[in-house]
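K.L.:
The structure's right below; bear with me while I get my questions together.
The values are calculated or read from the model by the stated rules, or taken from the named source; none is laboratory data. Given the structure is predicted, the values throughout are model-derived calculations rather than measurements. Here Cβ is always computed from backbone atoms with ideal geometry, including for glycine, and neighbour counts include all displayed protein chains. These accessible areas exclude ligands, DNA and RNA; they are computed on the full protein's heavy atoms, side chains included. Shrake-Rupley method; radii C 1.70, N 1.55, O 1.52, S 1.80 Å.
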Amino acid sequence: TDAPLIVTKEDLLDGLPDHDARTVCLDRDRMSIDSHSDQNPDSGAAPESLAYVIYTSGSTGTPKGVMVEHRSCVNRIYAQDAITPMADLTVFSQKTALGFVDSFFETVNPLAWGKQLAVIPAAEARDPEALVATLADKQISNLVTVPSLAAAMLVDADDLGHLRSWTLSGEAVSVALTRDLASSLPSCRLINL
């Protein structure tokens, strides 16, 4: 991406590939960072300004950087609220690896609406039993998973009664899974993204 700035931690510097970017280390440069104003700066960002770049292979299998503008992010946040009103939900989960596009909206969408966000460790997110236990413990009301993980989680459906919205993404959703989810979780809105 030829990013002009990389924000990292000092112990991760050696793992970066060769680059010409300026680096800011959140730990090493803490005193300099703290010397700056804590007031929100005027970013100068406009709707057509770049918000982020995410790498995806999409359907081609060849990785490519996709540039996403601020207006697209805002449109997605409002569109998601139209599908699943944020007012109906209280605790959201962030469990998708940061390299996947769903992770951005798992994180930004609830925070944009001032909602609580529970970050679920990767090991728990990959283990259906551990994930169900964490969801129940944190009383998470909104979840995004692939359908195959949803099917594995249904073994513990009694512990998922707090879910109000479950978005299925990344794989085809079978009619059988849809029926099983709907009958096991009648108070949960199912969304096939």
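K.L.:
When the accessible area of region 69-137 is split by element with a 1.4 Å probe, what percent falls to carbon and sulfur?
P.N.:
Details: 2170 of 3670 Å².
On region 69-137, the fraction of accessible area on carbon and sulfur atoms equals 59 percent.
K.L.:
Magnitude of the Cβ-charge dipole of the chain, K/R +1 and D/E -1, about the Cα centre, nearest 20 debye? Provide the component values of the computation, followed by the final result.
P.N.:
Numbers: 14 positive and 26 negative charges, 120 e Å.
Magnitude of the dipole: close to 580 debye.
K.L.:
Sorting THR167, THR62 by accessible area (1.4 Å probe), largest first, what list results?
P.N.:
So, going from the largest accessible area down, we get THR62, THR167.
K.L.:
What number comes out for accessible area per residue over the chain if the probe is 1.4 Å? Units Å², please.
P.N.:
Numbers: 12070 Å² over 193 residues.
For the chain, the per-residue accessible area is 63 Å².
K.L.:
Now, a different point. Show the residues, 5+ positions off or on another chain, whose built amide H is closer than 5 Å to the amide H of TYR52.
P.N.:
So TYR52 has HN proximity to VAL68.
K.L.:
In the chain, once you exclude exposed GluC sites (Glu not before Pro) (DSSP loop, at most 15 other Cβ within 10 angstrom), what's the longest stretch remaining? Intermediate values should be presented prior to the final figure.
P.N.:
On the way: sites that count: GLU48, GLU171.
With a cap of 15 other Cβ atoms within 10 Å, the longest stretch comes to 49-170.
K.L.:
With the calculation restricted to Cα positions, what are the radius of gyration and Dmax of region 28-139 in angstrom?
P.N.:
Calculated on Cα positions, Rg and Dmax stand at 17.1, 46 Å.
K.L.:
Want the number for THR107 to ASP42: 0.36 nm per residue separation, take away the alpha-carbon distance, what's left?
P.N.:
Result for the pair: 21.1 nm of gain on full extension.
K.L.:
Just going by the charge dipole of the chain, with Lys and Arg at +1 and Asp and Glu at -1 on Cβ, which of PRO4, ALA133, PRO85 is farthest out on the positive end?
P.N.:
Among PRO4, ALA133, PRO85, the one farthest towards the positive end of the dipole of the chain is PRO85.
K.L.:
By accessible area of protein heavy atoms, probe 1.4 Å, what ranking do THR60, THR96 get, highest first? Mind showing how you got there, number by number?
P.N.:
Details: THR60 90, THR96 25 Å².
Per-residue accessible area, sorted high to low, gives THR60, THR96.
K.L.:
Moving on to the next point. Counting only other residues whose beta carbon sits under 12 Å from that of TRP113, what net charge do I get with K and R as +1, D and E as -1? Can you show the working numbers first?
P.N.:
Numbers: positive: LYS115; negative: ASP81, ASP88.
Computed value for this residue: -1.
K.L.:
Based only on Cα atoms, what mean projected area does the convex hull of the chain have, in nm²? It would help to have the intermediate numbers written out before the result.
P.N.:
Values: hull surface 54.4 nm².
Orientation-averaged projected area of the Cα hull: 13.6 nm².
K.L.:
Looking at the chain only, what percent of DSSP beta bridges run antiparallel? Nearest 5 please. Don't skip to the answer; put the middle values down first.
P.N.:
On the way: 6 of 23 bridges.
Of the beta bridges lying entirely in the chain, close to 25 percent run antiparallel.
K.L.:
Which of ILE120, PRO17, ALA45 sits closest to the plus end of the dipole of the chain, meaning its Cα is farthest towards the positive end, when Lys and Arg get +1 and Asp and Glu get -1 on the C-beta?
P.N.:
About the Cα centre, the residue reaching furthest to the positive side is ALA45.
K.L.:
If you don't mind, there's one more thing I want to ask. How high is the FRET efficiency between ASP20 and GLU124 when r is their beta carbon distance and R₀ equals 35 Å, given to the nearest 0.05? Let's see the in-between values first.
P.N.:
Values: r = 38 Å, r/R0 = 1.08.
FRET efficiency, ASP20 to GLU124: 0.40.
K.L.:
If DNA, RNA and ligands are ignored and the probe is 1.4 Å, what is the ranking of LEU190, LEU5, LEU131 by accessible area, most exposed first?
P.N.:
On the way: LEU190 55, LEU5 80, LEU131 0 Å².
These residues rank, largest area first, as LEU5, LEU190, LEU131.
K.L.:
Put a dot 7 Å past each Cα toward the Cβ at ASP11 and ARG30; how far apart are the dots in nm?
P.N.:
With each label point 7 Å from Cα toward Cβ, the separation is 1.3 nm.
K.L.:
For the chain, what does the helix formula give at 222 nm: sum of -39500 (n - 2.57) over DSSP H segments with n ≥ 4, over the residue count, nearest 500 deg cm²/dmol? Intermediate values should be presented prior to the final figure.
P.N.:
On the way: 7 runs with 64 residues, N = 193.
The per-residue figure over the chain is -9500 deg cm²/dmol.
K.L.:
So what are the three principal axis dimensions of region 133-193 from its Cα atoms, in whole Å, longest to shortest?
P.N.:
29, 20, 18
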